[in-house]
1. Restricting attention to region 68-83, does a residue exist that is within 17 Å of Ser18 (Cβ to Cβ) and either in contact with a Lys or Arg (Cβ under 6 Å, 6 or more places away or on another chain) or among the basic types (Lys, Arg) (or both)?
2. In region 42-55, what count of residues is obtained for those that are crowded, with 24+ Cβ neighbours inside 10 Å and either part of a loop (DSSP other than H, G, I, E, B) or in contact with a Leu (Cβ under 7 Å, 6 or more places away or on another chain) (or both)?
3. Exactly one condition in (1) at pLDDT 95 or above; (2) within 22 Å of Lys175 (Cα to Cα) is false for Phe107; which is it?
4. Conditions: (1) touching a residue at least 24 places away in the same chain (Cβ under 8 Å); (2) over 26 Å from Ala55 (Cα atoms); (3) basic (Lys, Arg). Arg149 meets all but one. Number of the miss?
5. When region 180-202 is examined, which residues are found to be within 17 Å of Phe123 (Cβ to Cβ) and not in a helix (DSSP H, G or I)?
6. Within region 182-216, take every residue that is modelled with pLDDT under 85 and of a type in the set (Ser, Thr, Tyr) and give me the one that is nearest to Ser155 (Cα to Cα).
7. In this structure, does Ala111 turn out to be more than 12 Å from the chain's Cα centre (by Cα) and over 20 Å from Ser152 (Cα atoms)?
Amino acid sequence: MISIYLIGAVLLAYCFGSIPTAVWLGQSFYGVDVREYGSGNAGATNTFRVLGTKAGVAVMLIDILKGWTATNLAYFIGPSVTGPQAAAQFVNYQLALGVIAVVGHLFPIFAGFRGGKGVATLFGMILAVHFQAALVCVSVFLVVLLLTRYVSLSSISAGFAFPFSIVFLFHTSVKSVLLYGMCICVLILITHQKNIERLLKGKESKVYLFGKRAKE
């Protein structure tokens, strides 16, 4: 049964995801629309590339918060069943709202439907659904970033770390979470096609964590 709370949560999740952090921060503090530079995406990776580490970190943290907040709107809905099925339904609500937030990030109503790739928002969703797996993803992201200085490669690696961790480290049996993990891999491959091409050609921009910006 569709309730007013469910409809409200869906709309809020999309609105949270639609907050164009990179665009608003870039325009407000730097006078720059990041979508006009670098890869043209309104996300943390391109913010790192165009505006530097401080701006990139700020955008990443806020985008993570967007996904985490939207996913946790499930607490305001509540399962419509009781018993063992209630927990599974609650997770399904979390996943659905998180995905809607990611869609909002990809196609933000507040920024002409020109958004980013949704990796940070996806991570916020993972953080809300499976905290331990989120820590694994963070560890993989940081290690790859420190070793390669490629934010895109770090994001891809962290995304692929999620399904592997929930299967082999935490032995999760919730089918919807497993399916979501596989969908993450597919989505990341789709949204990072150009990055993957540049990585293979050795043309992807690097991020220097201590003040030096990547060359375009």
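1. No, region 68-83 contains no residue that is within 17 Å of Ser18 (Cβ to Cβ) and either in contact with a Lys or Arg (Cβ under 6 Å, 6 or more places away or on another chain) or among the basic types (Lys, Arg) (or both).
2. Residues in region 42-55 being crowded, with 24+ Cβ neighbours inside 10 Å and either part of a loop (DSSP other than H, G, I, E, B) or in contact with a Leu (Cβ under 7 Å, 6 or more places away or on another chain) (or both): 2 in total.
3. The number of the failed condition is (2).
4. All conditions pass for Arg149, except number (2).
5. His192
6. Among those residues, the one meeting the criterion is Ser205.
7. Details: more than 12 Å from the chain's Cα centre (by Cα): yes; over 20 Å from Ser152 (Cα atoms): yes.
In short, yes.
Table: residues versus (1) in contact (Cβ under 8 Å) with a residue 12 or more places away in the chain; (2) in contact with a Ser or Thr (Cβ under 6 Å, 6 or more places away or on another chain).
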| position | (1), (2) |
| --- | --- |
| Val103 | yes, no |
| Phe110 | yes, yes |
| Lys117 | yes, yes |
| Ala120 | yes, no |
| Ile126 | yes, no |
| His130 | yes, no |
| Leu135 | no, no |
| Val138 | yes, no |
| Val143 | no, no |
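The values are calculated or read from the model by the stated rules, or taken from the named source; none is laboratory data. From a predicted model like this one, the values you see are computed outputs, not experimental measurements. We place every Cβ from the backbone using ideal geometry, glycine too, and count neighbours over all the protein chains shown.
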